[in-house]
C-alpha cells in the first residue's frame, strides 16, 4: 500500500565541515531533510547560505539529491556557514564560525506559507544562537498547523545553548530527540534534576519529567550503538540497536530522526518507530558522510527488514 508523501521541513543550519582531509556538507536539519526525502516524503531545506563560493558549492552538492531547495535563502552580507575541525590527540575539536548566513534566517511570507502546509518540521538549538534566526524559527513554528509534528532535535554544541533556548523550544515542540549524554545536561539546565544518570532507568525517569513539564507527546533518547528509548505518557519502548560496522557516525542521528518522524506521521507504534530509526541510523553510520548515496536495492532491503522485524 502506497503512502502519500508528507511535507517535512528541516529548519536551521546548513554548513560545511572543514575537515583535515577535505570538507563535507552537513548541518543536522539538512541531513534530516535529505533522508526524509529519500524515504518518500517531500523534504524541504529551510536555511540560508551566502552568495559566495561555499554557498554555490552547497547548491551544486544538493542539486542531485531529492531535497527541495526552493526555500534556501541567499544572504548578500554574510558567509555560508562553516565549521573548522582539527584533531587534538586524535579527538576532533570544532570551531563553529559566526556570524554566518544561517544566523540571519528570514521569516519571509514564502516561509510562513510553507509552515502553514507542513506536516513536520525539525529544528535544533544551534540555529537559535543568534536572536534573528531564533525569532525566525519561532515565527515558523507558530505558523504551523496544530497537527504538525514539531521536532526539537537538541544537538547541544558548546557554547551555543542555554536554559532559555531549551525552555522556549520545548514549549513549542511535540517531539523531543536527544542522546543519553545530553539528557543530564538538559535536566540540570532546566532545574528539573541534578546529576541524573545515563542508565536506562534514569533516562526513563527524566523523559517522564519532561513530558510532565512540557506539551510533548514523545521523547526519544538515542544511545549510540546501544539503541534508543522512546517514551510517551502512556508507554515506552527500548531498542537495543543494530550491530554495525561503523565508517563514521556523522549524520546517523539525523537519519534516525528522519525515519522516526516518517513512521510517526503514519501513526506507527513505538516498536516500529524504534526499529525504523535504528535501521536507518545504523545504515548511515556504516557509510562515509552524512548524505551517502542510497541505491534502490539498499532502500528496499532496509524497508523489508523493518517490516519483518515489526511483524515478528
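The values are calculated or read from the model by the stated rules, or taken from the named source; none is laboratory data. Bear in mind the structure is a predicted one, so any value in this text is a computation, not a measurement. Virtual Cβ from ideal backbone geometry, glycine too; neighbours counted across all protein chains shown.
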Residues being touching a helix residue (DSSP H, G or I) at 6+ places or on another chain (Cβ under 9 Å) and at pLDDT below 95: count how many of those fall in segment 6-24. 1
Please enumerate the residues belonging to segment 149-161 that are assigned to a loop (DSSP other than H, G, I, E, B) and either touching a helix residue (DSSP H, G or I) at 6+ places or on another chain (Cβ under 7 Å) or crowded, with 21+ Cβ neighbours inside 10 Å (or both). 154, 155, 156, 157, 160, 161
Which condition number does residue 265 fail, the rest of (1) out of contact with any helix residue (DSSP H, G or I) (no Cβ under 8 Å at 6 or more places or on another chain); (2) at pLDDT 95 or above; (3) more than 21 Å from residue 169 (Cα to Cα) being met? (3)
Check whether at least one residue in segment 299-310 is touching a strand residue (DSSP E or B) at 6+ places or on another chain (Cβ under 8 Å), in contact (Cβ under 8 Å) with a residue 24 or more places away in the chain and either under 21 Å from residue 43 (Cβ atoms) or not in a helix (DSSP H, G or I) (or both), and report yes or no. no
Would you be able to say whether some residue in segment 79-95 is farther than 30 Å from residue 5 by Cα, in contact with a helix residue (DSSP H, G or I) (Cβ under 7 Å, 6 or more places away or on another chain), without any contact (Cβ under 8 Å) to a residue 60 or more places away in the chain and surrounded by fewer than 24 Cβ atoms within 10 Å (Cβ to Cβ)? yes
Provide a single number: the residues in segment 58-78 that are touching a residue at least 40 places away in the same chain (Cβ under 8 Å) and part of a helix (DSSP H, G or I). 1
